[in-house]
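Below is one structure, written out as structure tokens; comments come after it.
The values are calculated or read from the model by the stated rules, or taken from the named source; none is laboratory data. Every value quoted in this text rests on a predicted model; they were computed, and no experiment measured them. Don't worry about glycine lacking a Cβ; one is built from the backbone with ideal geometry, like all the others, and counts go over all protein chains shown. Side chains are part of the model used for accessible areas, which takes the heavy atoms of the whole protein and leaves out ligands, DNA and RNA. Shrake-Rupley method; radii C 1.70, N 1.55, O 1.52, S 1.80 Å.
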Amino acid sequence: MAREFRLEILKGNDAGAQFRVTGERVLFGRAANCDIVVTDVAASRNHAELIRLDDGYLLRDLNSSNGIMVNGRKVSEHPMQAGDVFTIGDHAYKYGIVEKKEPRPSAPQKLKTDNIPGLGPQEGPPPPIPTLAGGGKSKRPILYGAVALVLILVLVVAFSEDDTQKKTGREQIKKDPFAVEDVDVIYNRKIEPGMEELYNRANEYYFSGRREFRLKNYSRALEEFRRALTFYPKHGQAKYYARITDTYIEKESKRLMELGKKLMSQLRYENAIKCFREVMDFNVQKPDSQIFREAEKMKAIAEKRKVQINN
């Protein structure tokens, strides 16, 4: 019986994916050269590693800032057992062990997983090349031609599916820009040589901005995206989402202003004040803007009328 070691991503980048661990060392961290890149501000550049032992793997913390948790307990190192779950920041990984028979040469077993550095596909000898029996002329040219035709068809289908995926992704972004977890699938990332360090620094603010947006801290999100661009002005994702967030703030501010004025006409001053205050929070980075000054003015009027009506 052979032991196969697997890693399932429960939460974080590529959640739901499973990999077979084959390397002597698998490095986790925020740095681009890590085997598993953890895009989380809580992760250190070189955060943790899986080291191969005789009977499995050892998880070890690499003096990271926030440490690692295994099954809810903070550890510096831990011999991994089947079912163990370890976390790095908001990312969670499950370690598994599968006992399986050695595959027969004629019928190798296959594990349908992806590959990343340090993690490998199912091993096993390649399937036997089909042969043709019988006398007469050689049929190899016909066989090679058929194989070439099949390969061409596969490539055509693959490129077609890739274009369809990108088109679908762009349509999804138009409907809900922040529903897409990884815009790198749609907008290919190219880092200029020698700029990796600045890109990684910008990436910290970029993902922080994504989290702030989901928490509806729109002004903070916009600030984080703009900070990312100060480190790496060509960060396409940060530039894109800064524009989206700015547009969202503008539309939401107008909607809340109209709602606040309507609530004032209904003498619902408390609710109107909340709307105007939210507009000011959205535009706190632009205190001289027209909409900020208008919200500030309407908020003061609503507060004054609230006092008058209560007296």
Task: Subset of region 64-82 [open to solvent by less than 70 Å² (accessible area, probe 1.4 Å) and in a loop (DSSP other than H, G, I, E, B)] - done: 64, 67, 72, 80, 82
Task: Those residues of region 297-311 which are part of a helix (DSSP H, G or I) and either surrounded by fewer than 13 Cβ atoms within 10 Å (Cβ to Cβ) or among the aliphatic types (A, V, I, L, M) (or both), in sequence order - done: 297, 298, 300, 301, 302, 304, 307, 308, 309, 310
Open item on the list: I need a count of the residues in region 1-41 that are open to solvent by less than 20 Å² (accessible area, probe 1.4 Å), in contact with a Phe, Trp or Tyr (Cβ under 9 Å, 6 or more places away or on another chain) and not in a strand (DSSP E or B).
Closed with: 3
- [ ] Kindly establish whether residue 27 is closer than 17 Å to residue 85 by Cβ and more than 15 Å from the chain's Cα centre (by Cα).
- [x] no
Task: Sole residue being in contact (Cβ under 8 Å) with a residue 60 or more places away in the chain and open to solvent by 40 Å² or more (accessible area, probe 1.4 Å), chosen from 294, 223, 278 - done: 223
TODO: Any residue in region 60-77 that's without any contact (Cβ under 8 Å) to a residue 24 or more places away in the chain: show its pairings with residues that are exposed (fewer than 13 other Cβ atoms within 10 Å of the Cβ) and of a type in the set (Lys, Arg) at Cβ separation under 6 Å, as long as the two are six or more apart or on different chains.
DONE: 67/74
Open item on the list: I need a count of the residues in region 45-63 that are under 21 Å from the mean Cα position of the chain (by Cα) and open to solvent by 20 Å² or more (accessible area, probe 1.4 Å).
Closed with: 2
- [ ] Tell me which residues, restricted to region 64-92, are among the hydroxyl-bearing types (Ser, Thr, Tyr), more than 20 Å from the chain's Cα centre (by Cα) and under 25 Å from residue 211 (Cα atoms).
- [x] 64, 65
Task: Residue in region 281-291 that is modelled with the lowest pLDDT, counting only those that are open to solvent by 80 Å² or more (accessible area, probe 1.4 Å) and in a helix (DSSP H, G or I) - done: 281
